[in-house]
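The values are calculated or read from the model by the stated rules, or taken from the named source; none is laboratory data. Since we're looking at a predicted model, the values are computed, not measured. Because the Cβ atoms are built from the backbone with ideal geometry, glycine has one as well, and the counts that use them run over all protein chains shown. The protein model used for the area step is the full one, side chains on, heavy atoms only, and it has no ligands, DNA or RNA in it. Shrake-Rupley method; radii C 1.70, N 1.55, O 1.52, S 1.80 Å.
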Amino acid sequence: MLKHVLAAAVLSAAILAPALACAADETPPLPHQEWSFYGVFGTYDPASLQRGFQVYKEVCSVCHPVKHLYFRDLAEIGYSEDEVKAIAAGYQVTDGPNDEGQMYQRAGRPSDPIPGPFPNDQAARAANNGALPPDLSMIVKARPGGPNYVYGILTGYKEAPTGFKMLEGMNYSEYFPGHQIAMPPPLSDGAVTFADGTPATVPQMAHDVVSFLTWAAEPNLDDRHRTGLKVILFLVVAAGVFYAAKRKIWASIH
Amino acid sequence: MADTRPGATARIIRWIDYRLPFVQFLNHELNEYPTPRNLSYWWNYGSLSGIVLVIMIVTGIILATQYTPSSDLAFDSVERIMRDVNYGWLVRYVHMNGGSMFFAIVYIHLFRGLYYGSYKTPRELLWILGVIILLLLIATAFMGYVLPWGQMSYWAATVITNLFSAIPIIGPGIVTFLWGGFAVGDPTLHRFYALHYLLPFVIVAVVLLHLVALHRHGSNNPLGIDHKGPQDTIPFHPYYTIKDLFGLTVFLLIYAFFVFYAPNFLGEPDNYIPANPMQTPNHIVPEWYLLPYYAILRSITFPILFVSSKLAGVILAFSSIFILFFLPWLDTSPVRSARFRPIYKWVFWLLVIDVVALGWVGANPPEGIVVTIGQIATFYYFIHMLILFPLIGKLERPRPLPSSISAAVLSGGARLGSAGAPMAKP
């Protein structure tokens, strides 16, 4: 029967392949970056994540929130407890109501969520020509192509082809669906200065910030990959033992 | 001092068994239960699906202790499970991918039944209970998919509940009733959560009936002939417990690969965007395991007599499953196993290809060639069920059946897993 399964698979692939080829549209294939977190042994690179956080903080956070991240989470990308406290203290957060019933501003603490740039979606739209800058904490998981797509958006700005009608205030992107994106090119060479001396080129910043956003979307990836390896190894051994036992038990009746 | 005397355990068991024959029952159903000696690995999928059901219930209850079924909080509560609950990511990914694994196994189990004629007398009710489990499984999976309250959750709920609006006169009323309001919203999420928690236990009940029906006449087997005596059977334990255990481990390897290395591969990225009633996703697609039904649903693009195209699609999509209830009587062949059915052996694979094609159609936007392929595949599905099954049974000349399972196995003519091996020269 296995033989038949293979035959059926090949046959259906042969039927479907030409149809699939027709379905491709004019968007070029996404750029393929070497991501440290890809593959069975993939892990995040803390230095890259910290640079990425810097890019997020100094560039992206002007318009985009990361709703699901807390300051305390930053300890996972290699910041010490004191560094996390210092980063949090650099933000003002609204707390309250206090005993007089008033809301008040205070310095951030590690237990606070990282505050976004706007109090609500309407304020965000009002400040951005009607467009809503999406929350970035899940963006890598929420787009087909994941990190390569977000990298493509950050680096894929081009002059619109001749004859392509652009709407007022929009920008041409190679990879954005429909090619018209409200976000102006966010990165330019030297937009930030990295403390570790890494040159702040657009591809470098894009790579780092996408790494950071991948971590923001999937903070448990390192743990998941490590645990997975143990589980798979255990199961491989168990499968071997059970197969041997099966052979032995069945030997008498074959 | 009584419990140190030899035989104390045996006497306790005997005391209990005299009043509640539990151990006797287990011994009878597992140890003495005669099983055909020639079951291939295609017979692993029944016990596998039972184990996945348990995994789903256990992980589901753990998730339920942390999840909040409110339209304002559901999405964030799932993210809290992923980020802040200890091993929440693991439990959620196991549950999320478990849905896909469950369907993969159940579909293989179902097609195995189709290939080897496991639905034929005296196993008609066993088969019908299986189809009921499939229906319950689809309902449970659909409602579970709504719970994270992402974009695809919300819009899948909207599209599927709206199907009922196709029913003339009372349809719109039914839809409002299902929603608990005038759109998919908070009450809808609450009731889907309640039902998503309830239905798995209904499934457990039907699975128990499925097992009772199975143990009445025992498993079918690759030869499709009844066992005729002790030489044809072996005890379930240890022979099939170890075989199932090995199969389970291999299955868990595949499952673990998805959970740990591709947890979102089978899902839709759109479901990581919080539900937004003001913005429809470009392509609303169900999970892969519902794509063939979705393709059938969309295949009717024209009204049929007085029936609107929408209602016709709904009727066909439901019929594609309901028709399976009648399969034991649609298939007129007296021979169970496709091994001895020279025509059906090949036609079976047309159905597999057809269902795969329907799945592909369901995944793509209904434009151009996709619509045509969808219509042809839908048409073929019903032709296969309603015409080919009865017709082939009548036209085909089955090859001679072996005299017994043991005769076939011991002569070496029917090695396990070699479906096409000729049994005897006609």
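Overview of results
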| item | result |
| --- | --- |
| Tally, over segment B:73-109, of residues that are in a helix (DSSP H, G or I), farther than 23 Å from B:LEU136 by Cβ and of a type outside the set (A, V, I, L, M) | 9 |
| Top-ranked residue of segment B:341-372 - restricted to ones that are more than 7 Å from chain A (Cβ to nearest Cβ) and of a type in the set (Val, Ile, Thr), ranked as surrounded by the fewest Cβ atoms within 10 Å (Cβ to Cβ) | B:THR372 |
| Selection count where residues are farther than 21 Å from A:PRO219 by Cα and under 22 Å from the mean Cα position of the chain (by Cα), scope segment A:62-103 | 2 |
| Positions within segment B:39-73 being touching a Ser or Thr at 6+ places or on another chain (Cβ under 7 Å) and either among the aliphatic types (A, V, I, L, M) or within 14 Å of chain A (Cβ to nearest Cβ) (or both), in sequence order | B:LEU39, B:TRP43 |
| Residue within segment B:265-283 that is under 22 Å from the mean Cα position of the chain (by Cα), closer than 27 Å to B:PHE182 by Cα and within 14 Å of another protein chain (Cβ to nearest Cβ) present | yes |
| Criterion (crowded, with 21+ Cβ neighbours inside 10 Å, basic (Lys, Arg) and within 14 Å of chain A (Cβ to nearest Cβ)) met by exactly one of B:ARG80, B:ARG112, B:ARG92 | B:ARG92 |
| Only one of B:ILE133, B:ILE128 that is within 13 Å of the chain's Cα centre (by Cα) and open to solvent by less than 30 Å² (accessible area, probe 1.4 Å) | B:ILE133 |
| Filtered residues of segment B:328-358 (kept if closer than 18 Å to B:TYR293 by Cα and of a type in the set (A, V, I, L, M, F, W, C)) | B:LEU350, B:LEU351, B:VAL352, B:ILE353, B:VAL355, B:VAL356, B:ALA357, B:LEU358 |
| Failed item in (1) surrounded by 16 or more Cβ atoms within 10 Å (Cβ to Cβ); (2) in a loop (DSSP other than H, G, I, E, B); (3) not aromatic (Phe, Trp, Tyr), with A:LYS85 passing the rest | (2) |
| Answer residue from segment B:373-407, given it is farther than 19 Å from B:PRO328 by Cβ and among the basic types (Lys, Arg) and is farthest from the other protein chains (Cβ to nearest Cβ) among those | B:ARG397 |
| Unique match (being more than 30 Å from A:GLY197 (Cβ to Cβ), open to solvent by less than 50 Å² (accessible area, probe 1.4 Å) and not in a helix (DSSP H, G or I)) among A:PRO119, A:PRO133 | A:PRO133 |
| Set B:VAL175, B:VAL184, B:VAL204: member being among the β-branched types (Val, Ile, Thr) and within 20 Å of the chain's Cα centre (by Cα) | B:VAL204 |
| Top-ranked residue in segment B:216-236 [being in a helix (DSSP H, G or I) and loosely packed, with under 15 Cβ neighbours inside 10 Å; ranked as nearest to the other protein chains (Cβ to nearest Cβ)] | B:GLN231 |
| Filter result for B:ALA156 (away from chain A (no Cβ under 14 Å), assigned to a helix (DSSP H, G or I) and open to solvent by less than 60 Å² (accessible area, probe 1.4 Å)) | yes |
| Check on B:ARG336, over 24 Å from B:ILE132 (Cα atoms), basic (Lys, Arg) and touching a Ser or Thr at 6+ places or on another chain (Cβ under 8 Å) | no |
| Single residue of B:PHE265, B:PHE257 found to be on the phi < 0 side of the Ramachandran plot and either assigned to a helix (DSSP H, G or I) or surrounded by 21 or more Cβ atoms within 10 Å (Cβ to Cβ) (or both) | B:PHE257 |
| Positions within segment A:172-217 being open to solvent by less than 20 Å² (accessible area, probe 1.4 Å) and either within 14 Å of another protein chain (Cβ to nearest Cβ) or part of a strand (DSSP E or B) (or both), in sequence order | A:SER173, A:ILE181, A:LEU213, A:THR214, A:TRP215, A:ALA216, A:ALA217 |
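This table checks each residue for (1) surrounded by 15 or more Cβ atoms within 10 Å (Cβ to Cβ); (2) assigned to a helix (DSSP H, G or I); (3) in contact with a Phe, Trp or Tyr (Cβ under 7 Å, 6 or more places away or on another chain).
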position	(1), (2), (3)
B:MET278	no, no, no
B:ALA312	yes, yes, no
B:SER320	yes, yes, yes
B:LEU327	yes, yes, yes
